[in-house]
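A short worksheet on the structure shown next.
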Amino acid sequence: MIIGIDLGNYGVSTSEGDYFLAKYSEVPNFGEKNKVIYNGDPLYLGDGEFSTDWNKSKKETTLPLLFSALAREGSDTYYDVVLGLPAQQYKNNKESFKTYIEDNKIRNISWKGIEKEIIITNVLVAPEGAAAYYCLSEERKAKIGSKQLIIVDIGGRTTDIILFQNNSIVTVKTIAVGMLNVYTDIIDTINTEFTADFKLEEAEDIVRNGLFYDGESKDTSFITPILKKHFNSIFKDLQFNFNINKGYVLLTGGGSLTFQRAFENRLNNVLISPNPLFDNAIGFKKLGESIWQEK
């Protein structure tokens, strides 16, 4: 089975439509719903702390999250896997990341009481963000034509910017700003202001639905300057390094849902991905199919 997996710092998404938070704990919780047995050790997906290390070949969470994602897909044993790296890391780290996966390609894992051996038969590494290009509809490809396309992929720990011209990558850049930065600032402010103990993963819901605490809805106007600060960091870097008024700007990644309106207010040429959480994973799979199915 060919599968694309986006191992984000905030969430893990697959080309088959699965998504879960990119963290786990070895401490038992009150439910078994997200429990996996990884090489004999119980792990509880969605609990624990997020890892913010940049280098995926050195992150201790990479293999457990990867094999958990594969185990959740069904009964297959053999997988051809396409993974991603931040665009600016891709050139220097792709071979070491590929070797890391190949050296650890077999794991025993149990999911929902079903134990099996998973074997990764082939590995391909692609630049994150760029994969969204392969998810463009034929209508959008025709609209863009030979014009330049800047893909802005706002993830958990980084924002990847990729410039396409005539169907080819021209320039890439990775900015050290992502939704974990935003959510950390929001939760730190809330916990300080209200002497509370909100967790990082609660920030997304607070941004979308407001803050209810101590029996009442609280004023969340403090969120606006936090969002503005991080948006400005991304947008200024984008302005300084790219000509954003030429062609189109495609917004994707989980963070695009938060910053969509801000980009639309600044740019007349912005395109919004209809499936931002899964663009990378789906694009990875399409890339894998184009390579492996031709052989």
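Some observations on this one:
- Looking only at residues in the stretch 40-52 that are in a loop (DSSP other than H, G, I, E, B) and among the charged types (D, E, K, R), the one that is most open to solvent (accessible area, probe 1.4 Å) is E49.
- Failed item, numbered, when I114 is tested on (1) open to solvent by 40 Å² or more (accessible area, probe 1.4 Å); (2) of a type in the set (A, V, I, L, M); (3) within 20 Å of the chain's Cα centre (by Cα): (3)
- Scanning the stretch 219-232 for residues that are within 30 Å of G145 (Cα to Cα), open to solvent by less than 40 Å² (accessible area, probe 1.4 Å), of a type outside the set (A, V, I, L, M, F, W, C) and without any contact (Cβ under 8 Å) to a residue 60 or more places away in the chain turns up at least one hit.
- Which numbered condition V249 fails, given (1) among the aliphatic types (A, V, I, L, M); (2) more than 20 Å from G11 (Cα to Cα); (3) free of Cβ contacts under 8 Å to residues at least 40 places away in the same chain: (3)
- Enumeration of residues in the stretch 159-175 that are hydrophobic (A, V, I, L, M, F, W, C), touching a residue at least 60 places away in the same chain (Cβ under 8 Å) and open to solvent by 20 Å² or more (accessible area, probe 1.4 Å): L163, V172
- Qualifying positions in the stretch 259-286 - open to solvent by 40 Å² or more (accessible area, probe 1.4 Å) and either assigned to a helix (DSSP H, G or I) or touching a Phe, Trp or Tyr at 6+ places or on another chain (Cβ under 7 Å) (or both): Q260, R261, E264, N265, R266, L277, I282, K285, K286
- Those residues of the stretch 176-204 which are within 24 Å of D160 (Cα to Cα) and acidic (D, E), in sequence order: D185, E201, E204
- The residues of the stretch 1-39 that are of a type outside the set (D, E, K, R), open to solvent by 50 Å² or more (accessible area, probe 1.4 Å) and modelled with pLDDT under 90, listed by number, are V27, P28, N29, F30, N34, N39.
- Verdict on A132 being crowded, with 19+ Cβ neighbours inside 10 Å, of a type in the set (A, V, I, L, M, F, W, C), in a strand (DSSP E or B) and modelled with pLDDT under 95: no
- Residue check for L267: over 21 Å from the mean Cα position of the chain (by Cα), more than 21 Å from K141 (Cα to Cα) and not polar (S, T, N, Q): no
- For the condition over 15 Å from the mean Cα position of the chain (by Cα) and open to solvent by less than 40 Å² (accessible area, probe 1.4 Å), S96 does not qualify.
- Across the stretch 1-48, the qualifying residues are those that are among the acidic types (D, E) and more than 30 Å from V177 (Cβ to Cβ), and the one among them that is nearest to the chain's Cα centre (by Cα) is E26.
- Options K141, K147; residue that is open to solvent by 50 Å² or more (accessible area, probe 1.4 Å), among the basic types (K, R) and without any contact (Cβ under 8 Å) to a residue 12 or more places away in the chain: K141
- Taking (1) of a type outside the set (S, T, Y); (2) more than 26 Å from G145 (Cβ to Cβ); (3) surrounded by fewer than 14 Cβ atoms within 10 Å (Cβ to Cβ) in turn, N243 satisfies each apart from (2).
The values are calculated or read from the model by the stated rules, or taken from the named source; none is laboratory data. Please read these numbers as outputs of a predicted model, since none were measured by experiment. Note that we place each Cβ from the backbone using ideal geometry, even for glycine, and neighbour counts take in every protein chain shown. Surface accessibility is based on the protein's heavy atoms, side chains included, excluding ligands, DNA and RNA. Shrake-Rupley method; radii C 1.70, N 1.55, O 1.52, S 1.80 Å.
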